[in-house]
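No lab work stands behind these numbers, since they all come straight from the coordinates. These numbers come from a predicted model, not from an experiment. Here the Cβ positions follow ideal geometry from the backbone for every residue, glycine too, while neighbour counts run over all protein chains shown.
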Amino acid sequence: MIADFDIQRIPKVSTLVDLLEYWAIQQPTKTAYTFLKDGETEELSLNYYELNRKAKAIAAQLQGLKATGERVLLLYPSGLEFIAAFLGCLYAGAIAVPVYPPRRNQKMSRLQGIVADAQAKLALTTTSLVSNIENWFSQDSELAKLKCVSTDNIASHMTFDWQKPDLNQDTLAFLQYTSGSTGMPKGVMVTHGNLLHNEQMIQTACEHGEKTIFVGWLPLFHDMGLIGNILQPLYIGRNCILMSPEAFIQKPVRWLLAISRYRATISGGPNFAYELCIHQITPEERNSLDLSSWEIAFNGAEPIRAQTLEKFATTFAECGFRKSAFYPCYGMAETTLFVSGGIKTAPPIIESFDKAALEQNQAIAKAGLETQTLVGCGRAWLDEKIAIANPESLTSCANGQVGEIWVSSKSVAKGYWNQPEQTEQTFRGYLTDTNEGPFLRTGDLGFLLNGELFVTGRIKDLIIIRGRNYYPQDIELTVEQSHPALRLGCGAAFSIAIDGEEQLVVAQEVKRQFFSNLNGDEIVAAIRQAVSQQHQLRVYGVVLLKTGSLPKTSSGKIKRQGCRACFVAGELLEVYRWLDNFREQPTSKESFSKTTETKELSWLAIDIKIGIVSRLAKQLGISPAAINPRQPFSYYGLSSIQFINIATDLENWLGISIPPDRLFDSPSIEALAHEITQMLNR
């Protein structure tokens with residue numbers, strides 16, 4: 001272990017409650033967390049003493065509501081209140097359920113599914129959100145039963161009412177709902193023991209010590225943000241500087257400026273974060289960066305691209321960034337977070353393999369053409385075992401043979417909440433040739449080469465775009481309900497790689513009676529709007545299929561990977577195809593024209609509308625004439641990042657704050673123009 005850090009300083013405890021109490025006594029005035037309001041300005045900091053008191057006060061409130069052992073929803077924006085509430089749940093012996101607050105105009109089917117599955121009775125939030133949340137919940141009979149409690153106004157003297165619950169390493173700490181299934185949400189049961197073991201693995205692998213400083217922008221309700229940026233600093237008694245994901249995406253340089261300003265040693269995110277920095281940070285902005293303190297730039301949660309590592313290292317070398325700082329890693333909610341990572345001081349392992357051999361499940365190193373370059377994701381740590389298994393025979397795979405990645409360690413969660421069958425299938429894997437087990441079956445494909453783990457793909461159909469997981473059945477349900485011409489249960493959602501980035505494609509059967517007068521443009525527009533509104537995803541491609549032609553198994557299950565392969569090969573029986581072709585769409589009769597403005601808009605509102613339309617058109621790569629300002633933004637199938645980019649552009653133009661949610665919630669572009677006009681006239 002590194003010389004500047006005494007591992008004995010980390011207490012041998014069985015719960016996170018004991019851990020925070022220890023640090024509150026040992027270093028009460030040391031800053032634990034600092035939140036940058038706009039990604040730049042320090043809004044609030046909490047030291048370990050204050051954090052301990054806030055957690056106890058919230059816990060006392062929960063205990064008064066008899067929440068011990070109950071599931072408690074956490075509905076918070078990014079900020080320190082979420083951290084205090086999460087720890088408050090642990091201090092109360094309640095089971096935290098982190099969920100992002102719903103948006104207005106967004107269906108709450110995922111939240112409804114989580115509440116029903118977790119059987120939650122309470123929801124914690126902030127005073128600024130509580131009235132809106134109660135209003136949204138009142139529209140649903142089940143959500144209306146939830147009692148909403150704001151935690152940022154709980155009196156500090158409540159600390160004295162706190163009673164320490166009976167907790168141990170097997171006590172459930174929280175449920176991490178995997179990002180998304182509305183029909184069958186899965187809550188991963190994470191115990192205090194799981195958390196402490198995973199934090200020990202991270203600390204050991206990354207060699208965190210006295211000089212470690214964290215900077216993070218990842219969502220706190222997501223496992224990478226919660227385990228990596230909140231609980232790892234707490235585990236070693238260090239501090240973390242935080243900003244919201246929106247602040248980073250609006251202006252990626254804020255992330256690197258924070259690393260420079262606070263001399264951070266560790267920070268990271270999914271591959272797309274580094275791509276954003278490459279493409280959006282200007283040479284002038286790079287002149288103000290000093291990344292020489294950055295020792296670990298972790299990259300995980302989505303496929304890691306070798307060319308991204310190379311481009312980022314080259315682009316920011318002048319700022320002091322070292323390519324050896326890159327730390328590719330692999331993990332998932334079912335293992336608490338971290339599974340594998342490399343040696344801190346070693347550069348990332350990047351190898352080229354014979355493409356044809358990989359398709360035959362063999363990893364054979366090869367240079368030149370017809371190769372696939374893969375980035376290694378490190379090795380196992382502590383007492384963990386990573387095995388590669390044949391997913392059909394369940395036997396061990398040899399070195400360099402592709403199979404399913406299986407994991408055994410104390411970090412592997414207990415299973416899925418209230419889902420014994422899925423728990424048995426996923427968390428109870430045994431190798432038939434050695435009887436070793438139980439293993440977690442990850443559903444991911446990969447191979448081990450001299451101890452290094454390489455991830456090659458997924459058995460499961462989970463779609464990962466920009467680091468977020470999407471269940472295809474959720475998107476398929478949204479699609480089939482978007483237009484009456486679409487057949488129920490006859491669609492497939494999958495992703496394909498375009499220029500190194502995963503993009504969403506939908507294949508959907510059309511009802512036979514609609515063939516004679518098929519309006520493909522109308523159906524595609526409905527699909528894109530629905531997917532954007534419900535999932536904040538942009539659809540790259542839509543193929544409408546003949547009735548009964550979608551690839552399915554003999555038992556009627558959708559063959560998503562088979563459908564994907566047929567799409568790539570051009571072998572689907574298509575009646576209409578659309579591929580990100582905004583430029584080819586005909587201009588609507590209601591398209592924007594300055595000579596046909598509605599009389600209700602002032603000239604200022606008209607100018608603002610013109611500005612909004614031009615910025616939307618720029619994001620979509622189309623002519624402003626193709627934009628209908630009477631449609632909502634979601635009609636144009638925007639991704640969450642595009643919403644943020646437009647909002648940032650408008651802020652820079654008008655000099656006022658326009659949160660991305662305002663675009664999402666606005667009933668139309670005209671309505672937003674009118675709303676902004678009123679703001680400017682105040």
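A few remarks follow.
- Taking Cβ atoms as reference points and 13 Å as the exclusive limit, the residues near residue 34 contribute a net charge of 0, counting Lys and Arg as +1 and Asp and Glu as -1.
- Separation between Cα centres of the stretch 67-138 and the stretch 435-488, rounded to whole Å: 26
- Spin-label pair residue 678/residue 160, simplified geometry with 7 Å Cα→Cβ offset, distance in nm: 4.7
- The calculated FRET efficiency for the pair residue 499 and residue 561, based on their C-beta separation and a Förster distance of 25 Å, comes to about 0.70.
- Shape class of the stretch 594-681 from the Cα gyration tensor (axes a ≥ b ≥ c, square roots of the eigenvalues): oblate, since a/c reaches 1.5 or more and a/b does not exceed b/c.
- For residue 609, a cut-off of 19 angstrom between C-alpha atoms picks up these lysines, skipping any fewer than 8 places away in its own chain: 589, 594, 599, 618.
- Anchor residue 552: aspartates and glutamates whose Cα lies under 17 Å away (excluding residues fewer than 8 positions away in-chain): 461, 476, 480, 509, 571, 574
- With each label modelled as a point 7 angstrom along the Cα→C-beta vector, the residue 350-residue 382 pair spans 3.2 nm.
- Computed extension gain for residue 42 through residue 580, at 0.36 nm per residue and net of the alpha carbon distance, reaches 189.6 nm.
- Estimated inter-spin distance, residue 450 and residue 121, nm [label 7 Å along Cα→Cβ]: 5.8
- Of all lysines in the structure, those lying under 26 Å Cα to Cα from residue 121, and not within fewer than 8 positions of it along the same chain, are 54, 56, 66, 107, 145, 147, 164, 186, 414.
- Entry note, the chain: relative contact order of 9 percent, from Cα contacts under 8 Å with a spacing of 6+ residues.
- Long-range HN-HN contacts of residue 506 with modeled amide H, under 5 Å: 541, 542, 543
- Mean-position separation - Cα centroids, the stretch 382-414 and the stretch 314-335, in angstrom: 25
- Modelled label reach - residue 311, point 7 Å along Cα→Cβ, the stretch 323-354 residues with backbone N closer than 16 Å: none
- Relative contact order for the stretch 335-458: 24 percent, from Cα pairs under 8 Å spaced at least 6 residues apart, divided by residue count.
- Quotient of Cα Rg and 2.2 N^0.38 Å for the stretch 471-580, N being how many residues it contains: 0.97
- Of the GluC sites (Glu not before Pro) found in the stretch 636-680, not one falls in a DSSP loop while having at most 12 other beta-carbon atoms within 10 Å.
- Rounded to the nearest whole Hz, the Karplus-based 3J(HN,Hα) values (6.51 cos²θ - 1.76 cosθ + 1.60, θ = phi - 60°) of the stretch 645-662 follow the sequence 4, 5, 4, 5, 4, 5, 4, 5, 6, 9, x, 10, 7, 10, x, x, 4, 5, with x at glycine and proline.
- Given the alternatives (i) 42, 35, 25; (ii) 38, 33, 27; (iii) 62, 34, 20, semi-axes √(5λ) of the Cα gyration tensor in Å as computed for this entry is given by (ii).
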